[in-house]
Structures are given as structure tokens and as C-alpha cells.
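The values are calculated or read from the model by the stated rules, or taken from the named source; none is laboratory data. Predicted model only: the values in this text are computed from it and were never measured. Glycine gets a Cβ as well: all are built from the backbone with ideal geometry, and neighbour counts include every protein chain shown.
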Amino acid sequence: MDFPELPNLHALLILILTGVALFLFSRERLPLETSSLTILAILTVGLTLFPYRQGGSELEAVDLFSGFGHEALVAVCALMVAGQGLVRTRALEPVGRILARLWGDWPNLSLLLTLFCAAVLSAFVNNTPIVVLLLPILVSVALRTGKSPSGILMPMGFATLLGGTGTTIGTSTNLLVVSVAADLGLRKIQMFDFLLPAAIAGSLGILYLWLIAPRLLPQREAPLSDVSPRIFSAELKIPEESSTVGLKLGEAIKRTEGAMKVQRIRRSSDNFLIPIPDVILRAGDRLLVNDTPHNLKEFETALEAALFSGDDLVDDDHPLQAPDQQIAEVVVVQGSPIRGTSLRGARFLERFNLVVLAVHRQGRALWRLGHELANVRLRVGDVLLVQGSKEQISNLKRDGGLLVLDATSDLPHTNKAKLALLIMLLTIGLAAFGILPIAVSAVLGALLMIGTQCLSWRDATNALSVQVILIVVASLALGSALLETGGTGYISGVFLYLTEGASPMMILSGLMLLMALLTNIVSNNAAAVIGTPIAVSIARELGLPPEAFVLAVLFGANMSYATPMAYQTNLLVMNAGGYAFSDFVRIGVPLTLLMWGCLSFILPMLYGF
């Protein structure tokens with residue numbers, strides 16, 4: 001077989017643009033939304049200015065926007081909304097409560113049951129809500145048993161990824177692969193058509209995560225289980241002998257280099273003054289200040305004041321106390337109202353009445369109280385250590401916009417939980433039995449969630465991910481342009497040239513491994529959408545069943561195990577468990593090889609080659 005000749009100029013340029021896109025998608029500092037929109041703009045503007053014509057027909061640039069109305073994207077967005085209904089109503093909470101009770105009696109068996117439940121649930125519901133459900137439960141279990149959560153959380157996260165490969169609706173990647181394959185003329189793959197290979201390989205993966213993975217993971221401390229500074233309310237009493245007497249409040253604050261924030265001034269038991277800078281301080285005045293113990297002691301020295309907590313002078317016998325105050329760890333998740341904004345821009349204190357003590361990203365301290373980094377944009381997976389009253393933290397749990405990792409009390413639920421679960425079962429059932437296409441049943445499910453008030457329109461819009469929408473549309477546009485200009489045929493020709501002489505099993509295995517490598521570096525949706533036409537072209541060149549190669553792309557693009565940035569739930573798990581990048585490599589690479597090897601044997605056997 002000769003090396004394929006270079007394709008036409010349009011195909012060559014689109015191939016280069018595809019390479020640029022995959023590079024941009026892997027850049028953590030550049031938002032995926034920006035990369036996707038940039039690629040889409042370059043592609044459409046380029047084809048408008050320099051049209052591609054062949055055989056009397058022209059590739060219309062505006063046709064590449066059809067991804068916004070693509071069946072797969074509609075289904076993905078509708079399932080995001082329907083899944084958010086389960087989160088908001090806590091419909092899956094009974095499963096979590098049962099697992100939490102079992103952990104106390106049979107921890108090893110409970111880990112296996114947790115992995116199994118996580119995988120089964122993720123076959124029908126987006127795995128992010130499953131991780132959101134199980135994270136606080138498992139962290140609480142680890143704290144009660146005195147164990148590190150690191151041996152539990154990563155296996156649980158990977159179990160949801162394994163389960164997601166079992167059905168067409170398990171992940172957005174599955175929906176895209178199935179829809180693109182149908183667009184290329186293949187038989188429409190039904191919901192459970194690839195459940196058998198997924199279940200066989202997934203069972204081996206679950207056994208690995210149960211028996212081997214926890215032993216390979218080092219003991220990691222949760223990133224926020226340290227002695228981070230707490231906020232305390234105290235009063236600074238100005239004695240008669242203090243040089244602060246007679247000064248304006250603004251001048252007193254200057255003595256603390258502007259660090260002291262006075263909430264109010266108590267002049268007598270029932271006389272409170274507004275802390276304006278021109279107020280003259282008198283002996284006996286008490287300044288109400290909220291700050292860390294270290295800073296409060298600094299203020300005490302600078303103002304020659306006496307530090308009081310309640311009616312007690314703060315000393316060794318009477319330390320600072322914070323009645324009704326709690327510390328909680330909360331995670332920014334997909335759909336959080338503060339995702340993409342800064343703490344200052346989100347007006348976090350005013351909005352939630354909670355003080356942020358520290359921010360951790362990917363297991364390292366990004367910001368602690370006293371450091372001015374409040375303009376850093378928050379990402380999915382960032383963990384905030386917050387302090388506030390028990391009531392405010394309970395309100396935060398009920399609001400559902402942030403994942404509260406502290407699980408000292410039962411997760412709240414609403415009387416809509418059973419209804420939300422029934423709607424999700426109806427959505428899945430209508431698609432599973434072929435009564436309605438999944439895009440139609442998912443839209444119906446989303447409407448029912450909103451119509452029955454399981455979900456508000458605000459919650460529904462928060463559930464939609466602009467990042468997912470744009471990466472899907474950009475990937476569909478690139479895939480379509482490659483197909484129309486002949487770029488896909490060129491790539492498949494190069495792949496067949498490089499694998500000349502190899503058996504069909506080896507060719508399929510190589511394609512799956514390529515997808516597994518791509519999905520851990522760039523977006524799994526991009527890898528899937530671009531890889532599916534290539535897989536169909538390779539299969540047709542070889543005269544083999546295209547569906548086997550399509551499934552190789554689907555399974556390979558779902559092997560997001562080896563890096564924390566490969567999938568958003570990996571980031572959630574990474575921060576909650578305090579994992580390092582190397583931990584994902586240590587556990588994820590063997591799991592990838594196990595799944596790849598198993599499926600490389602099963603798929604050819606099932607399809608008779």
C-alpha cells in the first residue's frame with residue numbers, strides 16, 4: 001500500500017486547523033469556550049471567503065452551525081437539565097443513606113457495593129450528580145472511621161466513568177458518537193446495544209478498583225483538613241491609659257495599616273455608633289471586629305486595647321470562641337452560580353453570609369485568608385473552606401448551587417424527590433423501548449421537571465454548560481468539514497498505511513488506544529466526534545463491520561482515567577481527596593490498559609473478525 005497523496009488545499013488547511021484545535025483544547029489556561037468559538041469562527045469565515053466546491057456543489061459555511069441544532073446536542077442539554085432535577089430534589093439521597101449505614105459495619109464489602117451502585121447509576125444519569133451525591137457521604141465515612149478518603153474517592157469517581165460507557169445516554173460522548181455514526185449512514189445504535197462488552201470490561205475494572213487501586217494509592221490528607229485560620233467576633237476595649245483615646249477611628253485604623261475592619265462601636269450597653277472614620281474614640285469604647293486570632297491580637301497591641309470575647313478578657317483561660325459557627329468545605333461544580341467569577345465579583349460574603357477562609361485548586365492552597373487574591377476566577381473543582389452559622393451552611397446545602405463536602409447532618413430533600421425520580425425513569429424508559437428518540441424523550445423529561453416544579457428555570461439554565469455546548473458544536477463543525485473536503489479519508493488512509501500488515505483486531509485496538517490517548521489530553525467529546533468518521537472510513541476500506549470501529553472510538557474516548565483534567569468529575573475527586581497528578585497516572589494508566597486490552601479482544605470476537 002502506497003502512502004496516500006496529499007489531499008486538496010481545503011482539506012489540508014482543515015487538517016491543520018484540527019491539529020490547532022486539539023492543541024488549544026488541551027490548554028488549561030485558555031477557557032475551552034474561547035478555544036471552541038475561535039475554531040468555529042476561523043472555520044466558517046475561512047469557508048465563506050474561500051468556498052470549497054466539488055462536483056458542482058459548494059460546502060456552505062453556515063451549514064457548519066447546524067451543530068447548534070444537532071440531535072445529539074439537544075439530547076445532551078436536555079439530559080443535563082433532567083439530571084439537575086435529581087440533584088435539586090435529592091432524589092438519589094436514599095441510596096446514599098443506605099450506603100452510609102453499611103459502611104459502618106462492612107467497610108470492604110461496602111466499597112464494592114458503592115462502586116457497583118455508582119457504575120449502575122451512571123449508566124442512566126450523568127455521572128456528575130452521582131459524584132456530587134457520594135462525595136460528602138464518603139468523606140464523612142472516612143472522617144468517622146479515621147481513614148484517609150484517598151483510598152475511596154478516586155475508585156468511586158472512576159467507577160462512574162466505567163458505568164457511563166454502558167448505554168447511549170451514559171455520557172455525552174456516547175450520544176455524540178451514536179448520532180454522528182447515524183449521520184454517516186450506519187444503523188442507529190440503540191440504548192443497550194453495547195451493554196454486553198461494556199459490562200464485561202467494566203466488571204474487570206470494578207474488581208481492579210476494589211481490590212488493587214486502594215493499595216496503590218498513597219495516604220493523602222484532604223486538602224482542607226489543616227489548621228487554616230478561623231474568623232472570630234471579638235471586641236477591642238479602649239482603656240483610659242491607651243494612646244488611642246481621643247483619636248479619630250480612621251486614625252486608629254491607620255495604626256493597623258488599614259487591616260482592621262470595624263463592624264460597630266459600642267459606647268454603652270445600649271448605645272451603638274456607626275463606625276465612620278471621624279468618630280472620636282473615648283475610654284471604654286468597644287470596637288466590634290471580625291478577624292483571625294492572629295490579626296485580633298495584632299490589633300490589640302497596635303491600639304493598646306484589651307481584647308474581649310463576650311464578657312471575658314481573652315487570655316489562656318478564656319480563649320476566643322465562636323458559638324454556632326461551623327466550618328465547611330464546599331466545591332464549585334458545574335452549574336454553580338459562582339463558576340467563572342471571582343469571590344469579589346460573586347459578592348460571596350453578601351450572597352451567602354459565609355466567610356471564605358481558604359481556596360484550594362487541584363490539592364494545593366491557592367488562597368488563604370489575609371492574602372489578596374480575591375479576583376481569581378473560580379473553576380469547576382475548586383474547593384472553598386468557609387465559615388458561618390449553622391443556619392447559613394444548611395441554607396447553602398438546600399440551595400444546591402455548591403457541593404457541601406461536610407456531611408455532619410443529613411442531606412436535605414424535598415417532597416418532589418419521588419416525582420423527579422419517576423420523571424427520569426419515564427425519560428429513560430421511553431428511549432429504551434424505542435417509543436421516542438432519546439432527544440425527544442429527554443426534552444419531554446426536562447419540560448416535566450420544570451412543569452412539576454422539581455426544577456426552576458434558573459436551575460435549568462444553570463445546569464446547561466456553555467463549555468460543553470461550544471465544544472460539541474465546534475467538534476461537529478470540524479468533523480463535517482473534514483468529511484466533506486476529504487480530510488477524513490486522508491487520515492484513515494494514513495492510519496491504514498501505518499498499520500499495513502496488521503490484523504483487523506490490531507487495527508481496531510490501535511484506533512481505540514489512539515482515542516484513549518487523545519481523551520486524556522484534549523476534550524473527550526472532540527476526540528469522539530472527530531474520531532467517528534475516521535473509524536467508519538477505516539472499516540469501509542477494510543470491508544469490516546463499521547459498528548465495531550465506532551464502538552472502539554466510543555470506548556476509547558471514555559477512558560478518561562490517566563489525568564485529572566480529562567473529565568470534570570476527576571477534578572472534583574482530586575480536590576476532595578487531596579490527590580496529586582501522579583496519583584491519577586498511577587491508578588488511571590493500569591485501568592486504561594486493562595479496559596483497552598479487554599475491549600480489544602471482546603469487540604472483534606463479538607463482530608466476527
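Of the residues making up region 309-324, those that are modelled with pLDDT under 75 and either of a type in the set (A, V, I, L, M) or closer than 14 Å to LEU396 by Cα (or both) are VAL314, LEU320, ALA322. Within region 1-22, being assigned to a helix (DSSP H, G or I) and surrounded by 13 or more Cβ atoms within 10 Å (Cβ to Cβ) holds for HIS10, ALA11, LEU12, LEU13, ILE14, LEU15, LEU17, THR18, VAL20, ALA21, LEU22. Take the residues in region 190-223 that are loosely packed, with under 15 Cβ neighbours inside 10 Å and closer than 30 Å to ALA328 by Cα, then tell me which one is nearest to the chain's Cα centre (by Cα). The selected residue is GLU221.
Residue-by-condition table, conditions (1) of a type in the set (Phe, Trp, Tyr); (2) modelled with pLDDT of 75 or more; (3) surrounded by fewer than 21 Cβ atoms within 10 Å (Cβ to Cβ):
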site: GLU93; (1), (2), (3): no, no, yes
site: ILE98; (1), (2), (3): no, yes, yes
site: GLY104; (1), (2), (3): no, no, yes
site: PRO107; (1), (2), (3): no, yes, yes
site: THR114; (1), (2), (3): no, yes, no
site: VAL120; (1), (2), (3): no, yes, yes
site: VAL125; (1), (2), (3): no, yes, no
site: THR128; (1), (2), (3): no, yes, no
site: LEU135; (1), (2), (3): no, yes, no
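Restricting to region 563-609, what's the tally of residues that are modelled with pLDDT of 90 or more and within 17 Å of the chain's Cα centre (by Cα)? Here the count works out to 1.
Look at region 44-66: where a residue is over 18 Å from VAL473 (Cα atoms) and a partner is surrounded by 14 or more Cβ atoms within 10 Å (Cβ to Cβ) and not aliphatic (A, V, I, L, M), sitting 6+ places away or on another chain with Cβ atoms under 8 Å, you get PHE50/HIS10; TYR52/HIS10; TYR52/GLU484; TYR52/THR485; GLU58/TYR52.
Only one of VAL573, VAL585, VAL553 is surrounded by fewer than 23 Cβ atoms within 10 Å (Cβ to Cβ) and either out of contact with any Cys (no Cβ under 7 Å at 6 or more places or on another chain) or assigned by TED's automatic domain parsing to the domain that holds ASP382 (or both); which? Answer to the check: VAL585.
Note on region 181-199: residues that are in contact with a helix residue (DSSP H, G or I) (Cβ under 6 Å, 6 or more places away or on another chain) and closer than 24 Å to THR160 by Cα total 4. Residue selection: GLU484 fails the criterion of being among the charged types (D, E, K, R) and either surrounded by fewer than 19 Cβ atoms within 10 Å (Cβ to Cβ) or within 16 Å of VAL550 (Cβ to Cβ) (or both).
Tell me, yes or no, whether region 579-591 has at least one residue that is touching a Gly at 6+ places or on another chain (Cβ under 9 Å) and more than 21 Å from ILE206 (Cα to Cα). Among the residues of region 579-591, at least one is touching a Gly at 6+ places or on another chain (Cβ under 9 Å) and more than 21 Å from ILE206 (Cα to Cα), which makes the answer yes. Within region 499-511, can one find any residue that is among the hydroxyl-bearing types (Ser, Thr, Tyr), without any contact (Cβ under 8 Å) to a residue 60 or more places away in the chain, farther than 30 Å from LEU134 by Cα and assigned to a helix (DSSP H, G or I)? Looking for residues that are among the hydroxyl-bearing types (Ser, Thr, Tyr), without any contact (Cβ under 8 Å) to a residue 60 or more places away in the chain, farther than 30 Å from LEU134 by Cα and assigned to a helix (DSSP H, G or I), one finds none in region 499-511, hence no.
Results for (1) in contact with a strand residue (DSSP E or B) (Cβ under 9 Å, 6 or more places away or on another chain); (2) buried (at least 24 other Cβ atoms within 10 Å of the Cβ); (3) modelled with pLDDT of 90 or more, shown as yes or no for each residue.
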{"position": "SER523", "(1), (2), (3)": "no, yes, no"}
{"position": "ARG540", "(1), (2), (3)": "no, no, yes"}
{"position": "PRO545", "(1), (2), (3)": "no, no, yes"}
{"position": "ALA557", "(1), (2), (3)": "no, yes, yes"}
{"position": "TYR561", "(1), (2), (3)": "no, yes, yes"}
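Of the residues making up region 348-405, those that are of a type in the set (S, T, N, Q), outside any strand (DSSP E or B) and at pLDDT 75 or above number 4.
Scanning region 327-344 turns up one or more residues that are at pLDDT 80 or above, over 26 Å from THR128 (Cα atoms) and under 26 Å from the mean Cα position of the chain (by Cα). Any residue at all in region 215-237 that's out of contact with any Phe, Trp or Tyr (no Cβ under 6 Å at 6 or more places or on another chain), at pLDDT 90 or above, over 30 Å from GLY429 (Cα atoms) and in a loop (DSSP other than H, G, I, E, B)? Scanning region 215-237, I find no residue that is out of contact with any Phe, Trp or Tyr (no Cβ under 6 Å at 6 or more places or on another chain), at pLDDT 90 or above, over 30 Å from GLY429 (Cα atoms) and in a loop (DSSP other than H, G, I, E, B), so the answer is no.
Residue by residue, here is whether (1) in contact with a strand residue (DSSP E or B) (Cβ under 8 Å, 6 or more places away or on another chain); (2) assigned to a helix (DSSP H, G or I) holds:
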{"residue": "VAL443", "(1), (2)": "no, yes"}
{"residue": "LEU448", "(1), (2)": "no, yes"}
{"residue": "GLN453", "(1), (2)": "no, no"}
{"residue": "ALA460", "(1), (2)": "no, yes"}
{"residue": "LEU470", "(1), (2)": "no, yes"}
{"residue": "VAL473", "(1), (2)": "no, yes"}
{"residue": "ALA481", "(1), (2)": "yes, yes"}
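Within region 115-140, residues that are free of Cβ contacts under 8 Å to residues at least 60 places away in the same chain and under 17 Å from LEU102 (Cβ atoms) reach no partner that is among the aromatic types (Phe, Trp, Tyr) and crowded, with 24+ Cβ neighbours inside 10 Å with beta carbons closer than 7 Å at six or more positions or on different chains.
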